[in-house]
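Contents: one structure, followed by commentary.
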Amino acid sequence: MLTVTKYDASGNDFIIFHDRNKRDRSQLAKILCDRHKGIGADGLVVLVPHKEYDFEWEFYNSDGSTALMCGNATRAVSHYAVEKGISINNSCQFLTGAGVITSEVNGDYVVTDMLPPKILQKDINEYGKNWWLIDTGVPHLVTKVEDIDKFDLNMARKLREKYDANVNIYTAEFDEMYVRTYERGVEDETLACGTGMMACYVRAKEEGDARELCVVYPKSHEELYLEYKDDVYRFGGKVTKTFIAEVTMDISLFL
């Protein structure tokens, strides 16, 4: 029997558990993340031991594909690790596919030091808009819009396929941003995407539309903050442990 914990991080939901061994759990992710036949989630995260850091993670999208990084998942996993005693003193240092993440946990509020972003390309012209391609652990196409309520998901789907990247639109006014994201691996718009919000913040800051400390609202309308200070990008917000479940179906082959 497998015991898992379900977390919500600003509208992104994840199934989390820890194990002693690394292995391919892509099929397990598809089973557990199915919203009709499984538990339902945007992703599965498994914590495994690491010699140097608190732990290493395996991250799977709901379709079973892997991702190097997920900003909202870093916050949920940090809370889980502190609660389980895997990390101590309310701080975490762990290895993702994109690099080492550090975080601080204060109750249900978690602040993560994000990986340094990379602006891969500017001036991509698609659908009458100017897009930037920015890597914040995973690649994101981002463009500024006038109306955040208008998000053409068919356009986003085509751009996701063409550039193999998540697709984001945003509005920004110095200390406040609104972001919407179409995520690969989920293949739909999600309620929040941490690396997507960070990618939008990077462009907005570069173009003078965002201050060093900025409040950001994803589609879930939950309040988070982004900050650039002392050459470090930080991402903070609340997480919610929604429930603990025991999985009784035969998943022994995937563990």
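Looking at Thr181, Thr136, Thr171 in this structure, which one is under 29 Å from Thr240 (Cα atoms) and in contact (Cβ under 8 Å) with a residue 60 or more places away in the chain? It is Thr136.
The criterion of at least 3 residues that are modelled with pLDDT under 95, surrounded by fewer than 19 Cβ atoms within 10 Å (Cβ to Cβ) and among the hydroxyl-bearing types (Ser, Thr, Tyr) is met by none of the strands (runs of 3 or more DSSP E) wholly inside segment 181-247. Against the list (1) in contact with a Lys or Arg (Cβ under 8 Å, 6 or more places away or on another chain); (2) at pLDDT below 95; (3) surrounded by fewer than 22 Cβ atoms within 10 Å (Cβ to Cβ), the condition Ser10 fails is (3). Cβ-Cβ contacts under 6 Å between residues 6 or more apart (or on different chains), taken from a first residue in segment 76-95 that is farther than 20 Å from Lys6 by Cβ to a second residue that is at pLDDT 95 or above and part of a helix (DSSP H, G or I), are listed as Asn90/Val82.
What do you reckon, is Val167 assigned to a strand (DSSP E or B), hydrophobic (A, V, I, L, M, F, W, C) and out of contact with any Leu (no Cβ under 6 Å at 6 or more places or on another chain)?
Considered against the rule, which asks whether it is assigned to a strand (DSSP E or B), hydrophobic (A, V, I, L, M, F, W, C) and out of contact with any Leu (no Cβ under 6 Å at 6 or more places or on another chain), Val167 comes out as no.
Only strands (runs of 3 or more DSSP E) whose full extent lies in segment 76-161 are considered here, and the ones with at least 1 residues that are small (Gly, Ala, Ser) and closer than 26 Å to Glu187 by Cα are 99-106. Inspect segment 11-28 for any residue being over 25 Å from Met249 (Cβ atoms), touching a strand residue (DSSP E or B) at 6+ places or on another chain (Cβ under 9 Å) and without any contact (Cβ under 8 Å) to a residue 60 or more places away in the chain and give the result as yes or no. No, that holds for no residue. Take the conditions in contact with a Cys (Cβ under 7 Å, 6 or more places away or on another chain) and closer than 28 Å to Glu223 by Cβ and apply them to Gly99. Does it pass? The answer is no for Gly99. Scanning segment 54-79 for residues that are under 18 Å from Val105 (Cβ atoms), buried (at least 24 other Cβ atoms within 10 Å of the Cβ) and not hydrophobic (A, V, I, L, M, F, W, C) returns Gly71, Asn72, Thr74, Arg75, Ser78, His79.
The values are calculated or read from the model by the stated rules, or taken from the named source; none is laboratory data. It should be emphasised that the depicted structure is a prediction, and the values quoted were computed from it without experimental measurement. Virtual Cβ from ideal backbone geometry, glycine too; neighbours counted across all protein chains shown.
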